[in-house]
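Peer 1: Okay, here's the structure, questions in a sec.
The values are calculated or read from the model by the stated rules, or taken from the named source; none is laboratory data. Not measured: the values here are computed from a predicted model. Cβ placement follows ideal geometry from the backbone for every residue including glycine, while neighbour counts extend to all protein chains displayed.
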Amino acid sequence: MKPGAVSWLPSKPPTIPQALNIISTHPENVLASESIQAAVNRRIRGYPEKLQASLHRAHCFLPAGIAAVLKQRPRLVAAGVQAFYLRDPIDLRACRIFKTFLPETRIMTSVTFTKCLYAQLMQQRFMPDRRSGYQLPPPSHPQYRAHELGMKLAHGFEILCSKCSPHFSDSKKSPVTTSPLWAGFLDSLKKNDYFKGLIEGSTQYQERLEMAKNYFQLSVNRPEGSLAMNPGEEILTLLQTLPFDFEELKKEEANLSPEDDDQWLDVSPDQLDQLLQEAAGKKEPEPLSKEDEHYDLTQVSKSMKAFISKVSTHKGAELPREPSETPITFDADSFLNYFDKILGPRPHESDSDDQDEEEFECLDSDDDLDFETQEPGEEASVKGTLDDLKSYMAQMDRELAHTSIGKSFATQKQMESLSQTTSNNSDEEHTGAGGSVMTPVDVDLNLVSNILESYSSQAGLAGPASNLLQSMGVQLPDNTDHRPTSKPTKD
């Protein structure tokens, strides 16, 4: 809806306070459709309680300055972890000798991470520079993990502060009250009864005044040339404006809440499959179409036979066409006559062209005569070659009859038993030296089974079987044996 389209909408794009006022005064007009509400509710279902499942509390041996900063701005832990996780050799130069977070000021504190941030710190193997002063205890030490986490987080915070401009810290040393915006900001606080009638100069008044200065420093008095502070500048500002007592933070070590168990880092293959299934959602298998359900496998063998029996030319083998694919017909004479009508009669052809055509025709006729006429001796030679080939095949059958290679092929099923006389006659004809009956091999069944086995081993990817079948116009349906079957529910 465009601004100004109705009376209750402003003519210009509203500001945030105006938009909130419109929503509160006209809730029925800005109500989203039921489908949009359902989608939003589905995304926020279980929140904010669901956030607790994504958090992890751990003990860290940190410098007191970082502990004070995280107590005031817990979200800065993400910037510190990312700075350490994405470090490079140039960043680590600032961590050879720490200038902001000295290792002598470390205390034990509790830090709340997201599980992703905690895993990023834990899975990184890192040894600090000896000059940094961050020495780790032996791995068998009960607080080794806290020292390691604190060391990594301190490196991340030091990297953030090292990226700040050298003039930034000097500009922040000037008092907040020197800013031209401070007087107007303080007057607005007094008009809105921020100090609750407290006497100016009292302890509670000074506490509220310091809180106002901190907010002004971080939110109102932003550095020149930037819309917002980067994490390093925000950390340095908090260190300069937040007073913290090292001894008080030291005393809080005895009252730390227990840290969470991190067994969730170890995921078994079964748990991983379950997580992936939950993330992807349960999908019902698509029902088979009638064409796939009644697919005729004889089409595979017929297409293969048609391909093999196809006579190839010097241009290569031509794949058999589908029944629906009719050959293209082209009438060259009609095509040329049509152009003659448009372009006019063709010029008289030269004698040399006629002579060339006659030579080509003679060559073609000679080739045709070579193929059509064969000498009687050549026919006898071809017949002798076929007889030799048949004798070789018969000898091969007799030799293979003693081996088990015939069992690897599928044979034709005997539908009915023959009489004793017929059986004896068959034994005499088909029995080799070992006396075993040679059952005819089902060529079509072996062909289809081998192709299907090759197609199944491709696991849905491109391969020789699928490429060959697709080139012949054969599209196999999906293998329903690999689909997950739903378990029957118990009543």
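Peer 1: Of all the residues that make up region 160-209, how many are of a type in the set (Val, Ile, Thr) and either surrounded by 11 or more Cβ atoms within 10 Å (Cβ to Cβ) or modelled with pLDDT of 85 or more (or both)?
Peer 2: The total comes to 3.
Peer 1: Residues 64, 53: which one is under 30 Å from residue 232 (Cα atoms) and surrounded by 16 or more Cβ atoms within 10 Å (Cβ to Cβ)?
Peer 2: Residue meeting the stated conditions: 64.
Peer 1: Could you please tell me which pairs satisfy a Cβ distance under 9 Å, a separation of 6+ or placement on different chains, a first residue in region 50-63 that is assigned by TED's automatic domain parsing to the domain that holds residue 100, and a second residue that is assigned to a strand (DSSP E or B) and small (Gly, Ala, Ser)?
Peer 2: 57/110; 58/110; 59/110; 60/110
Peer 1: May I ask you to list pairs of residues, at least six apart or on different chains, whose Cβ atoms are under 9 Å apart, with the first in region 120-148 being within 16 Å of residue 60 (Cβ to Cβ) and the second being assigned to a helix (DSSP H, G or I) and hydroxyl-bearing (Ser, Thr, Tyr)?
Peer 2: Note: pairs meeting the criteria are 120/85; 121/85; 124/85; 136/144; 137/144.
Peer 1: Please specify each residue of region 95-115 satisfying the condition of being in a helix (DSSP H, G or I) and touching a residue at least 40 places away in the same chain (Cβ under 8 Å).
Peer 2: Residues satisfying the conditions are 103, 105, 115.
Peer 1: All but one of (1) of a type outside the set (Lys, Arg); (2) outside any helix (DSSP H, G or I); (3) surrounded by 17 or more Cβ atoms within 10 Å (Cβ to Cβ) hold for residue 149; which doesn't?
Peer 2: Going through (1) of a type outside the set (Lys, Arg); (2) outside any helix (DSSP H, G or I); (3) surrounded by 17 or more Cβ atoms within 10 Å (Cβ to Cβ) one by one, residue 149 breaks only (2).
Peer 1: Sticking with this structure for a sec: Only residues that are surrounded by 10 or more Cβ atoms within 10 Å (Cβ to Cβ) and modelled with pLDDT under 75: list them for region 255-297, please.
Peer 2: Hits for region 255-297 are 285, 288, 289, 291, 292, 293, 295, 297.
Peer 1: Let me ask something additional. Pick from 134, 144: which is farther than 19 Å from residue 96 by Cα and hydroxyl-bearing (Ser, Thr, Tyr)?
Peer 2: 144
Peer 1: Here's something else I'd like to know. What's the number of the only condition in (1) of a type outside the set (Lys, Arg); (2) part of a loop (DSSP other than H, G, I, E, B); (3) farther than 30 Å from residue 400 by Cα; (4) at pLDDT below 65 that residue 481 fails to meet?
Peer 2: Here residue 481 meets the rest and fails (2).
Peer 1: Considering only region 120-134, state which residues are touching a helix residue (DSSP H, G or I) at 6+ places or on another chain (Cβ under 6 Å) and not in a loop (DSSP other than H, G, I, E, B).
Peer 2: Passing the criteria: 120, 121.
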